[in-house]
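A.B. asks: Take a look at the following structure, please.
The values are calculated or read from the model by the stated rules, or taken from the named source; none is laboratory data. Treat the numbers as computed from the prediction; the structure is a model and nothing was measured. Every residue, glycine as well, gets a Cβ built from its backbone with ideal geometry; the counts of neighbours run over all protein chains shown. Note: areas computed on protein heavy atoms with side chains; ligands, DNA, RNA excluded. Shrake-Rupley method; radii C 1.70, N 1.55, O 1.52, S 1.80 Å.
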Amino acid sequence: ALLTFNEVTTLFHEFGHALHGMLANTTYPNLSGTSVFWDFVELPSQIMENWCYEKEALALFAMHYQTGELIPMELVEKIKESATFLEGMATLRQLSFGLLDMGWHGQDPSSIASVKTFEKAQFEATQLYPDVEDNAMSPSFSHIFNGGYSSGYYSYKWAEVLDADAFEYFKENGIFNKEIATKFRDNILSKGGTIHPMQLYKQFRGQEPQVDALLKRAGLSA
């Protein structure tokens, strides 16, 4: 197949969801596979995308369709470097959305007299540029009102923390390390929603997730 790099990462991502279902080993369907806490469902999928940037993984399939030449790693390095462009701004933006979402759903909103005033207060901690007075985010933010993410929009960024930290564990021991892969299968993929996600993660990783790996991957720390 002739695929763009984005299509390859999408294929790996969705196959992660597939593995979550195929390797499920539970009794009840409503606790099986991807039937887990909302902020845990993207870990099995997002972690798979990391292999798309690794030479050992690309060597298995990423050959030129005419010459058979393996994709040059300098091209992959350029893709990795471009992925961090404006990442600081993107991170602040994502955090601001999560804080706004939790602001609306974490209290009784009946006392809020002005959408704009309330919104400005929620954005204050992440504001980078001066506010546009005639603009309001909330009325057009369909994700947090009728898009299924009400009070859970933070899960986008939290899943990145989980997948970066989990893949760091693989990198420390080899990205095809069978022991780590087995632990991931037995403690993450097979258990579904039968055990609390943090307990499952600690059984796999040996500790709670740390943000360091995500900051490093995003180019936001040394």
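A.B. asks: At 7 Å along Cα-to-Cβ for each site, give me the label-to-label distance between L31 and E208 in nm.
C.D. replies: 2.5 nm
A.B. asks: Holding the Cα-Cα limit at 22 Å, pick out from K116/K157; K178/K216; K157/K216; K171/K216; K78/K216 the pairs that are longer than that. It would help to have the intermediate numbers written out before the result.
C.D. replies: On the way: K116/K157 25 Å; K178/K216 25 Å; K157/K216 15 Å; K171/K216 13 Å; K78/K216 16 Å.
With Cα atoms farther than 22 Å apart: K116/K157; K178/K216.
A.B. asks: On to the next question. What nm value, rounded to one decimal, do you get for the distance between I112 and N173 when each label is placed 7 Å out toward the C-beta?
C.D. replies: Calculated label separation equals 4.4 nm.
A.B. asks: Over what distance in Å are the Cα centres of segment 159-178 and segment 103-146 separated?
C.D. replies: Segment 159-178 and segment 103-146 have Cα centres spaced 36 Å from each other.
A.B. asks: Tell me, what is the FRET efficiency for E124 and Q66 to the nearest 0.05, using R0 = 35 angstrom and their Cβ-Cβ distance as r?
C.D. replies: Efficiency computed from Cβ-Cβ geometry: 0.05.
A.B. asks: Determine the gain in length on full extension of the stretch A181-M22; use 0.36 nm per residue of separation and subtract their C-alpha separation, reporting nm with one decimal.
C.D. replies: Roughly 55.7 nm would be gained on extension.
A.B. asks: State in Å² the accessible area per residue of the chain; use a 1.4 Å probe, count heavy atoms of protein chains only, and round to the nearest integer.
C.D. replies: Spelled out: the 1.4 Å probe surface of the chain, per residue, equals 59 Å².
A.B. asks: Given a 1.4 Å probe and heavy atoms of the protein chains only, how would you sort W38, W158, W51, largest accessible area at the top?
C.D. replies: Largest accessible area first, the list is W38, W158, W51.
A.B. asks: Right, another one. With angles folded into 0 to 90 degrees, how steeply does helix 5-22 sit against the dominant principal axis of the chain? Use alpha carbons for both and round to 10.
C.D. replies: The answer is roughly 90 degrees.
A.B. asks: How large is Rg over Rh for the chain, taking Rg from the Cα atoms and Rh as the Kirkwood inverse mean of 1/r across Cα pairs?
C.D. replies: Ratio of gyration radius to Kirkwood radius for the chain: 1.02.
A.B. asks: Heavy atoms of the protein only, probe of 1.4 Å, neighbouring chains included. What is the accessible area of F97 in Å², nearest 10?
C.D. replies: Spelled out: F97, probe radius 1.4 Å, area about 20 Å².
A.B. asks: How do Y169, Y28 stack up against each other in accessible area, from largest to smallest, with a 1.4 angstrom probe?
C.D. replies: Largest accessible area first, the list is Y28, Y169.
A.B. asks: A further question on this structure: Treating the angle as unsigned and between 0 and 90°, give the value, to the nearest 10°, between the Cα long axis of helix 155-173 and the longest Cα principal axis of the chain.
C.D. replies: The angle comes out at about 30 degrees.
A.B. asks: Could you state how much accessible area L95 has, in square angstrom rounded to the nearest 10, with a 1.4 Å probe and all protein chains kept in place?
C.D. replies: 80 Å²
A.B. asks: Here's another thing I want to ask about it. On a 0 to 90 degree scale, rounded to 10, what angle separates helix 87-105 from the longest Cα axis of the chain?
C.D. replies: That works out to roughly 50 degrees.
A.B. asks: Over the chain, with a Gaussian network built from C-alpha contacts below 10 Å, which listed residue (T67, T26, T117) shows the highest mean-square fluctuation?
C.D. replies: Fluctuation is largest for T67.
A.B. asks: Dipole of segment 60-122 (Lys/Arg Cβ +1, Asp/Glu Cβ -1, origin at the Cα centre): which of L86, M73, W104 lies farthest to the positive side?
C.D. replies: Selected residue: W104.
A.B. asks: Using a 1.4 angstrom probe with every protein chain in place, what is the largest-first accessible-area order of L128, L70?
C.D. replies: Largest to smallest exposure gives the sequence L128, L70.
A.B. asks: Now, a different point. By a straight-distance test (C-alpha under 17 Å), which aspartates and glutamates pair with K120 as possible cross-link partners, with residues fewer than eight away in the same chain excluded?
C.D. replies: D101, D131, E133, D134
A.B. asks: Treat each spin label as a single point 7 Å out from the Cα along the C-beta direction, and report the T4 to S221 distance in nm.
C.D. replies: 3.2 nm
A.B. asks: At a Förster distance of 22 Å, what's the computed FRET efficiency of E87 paired with M137, Cβ-Cβ distance as r, to 0.05?
C.D. replies: My answer for the efficiency is 0.60.
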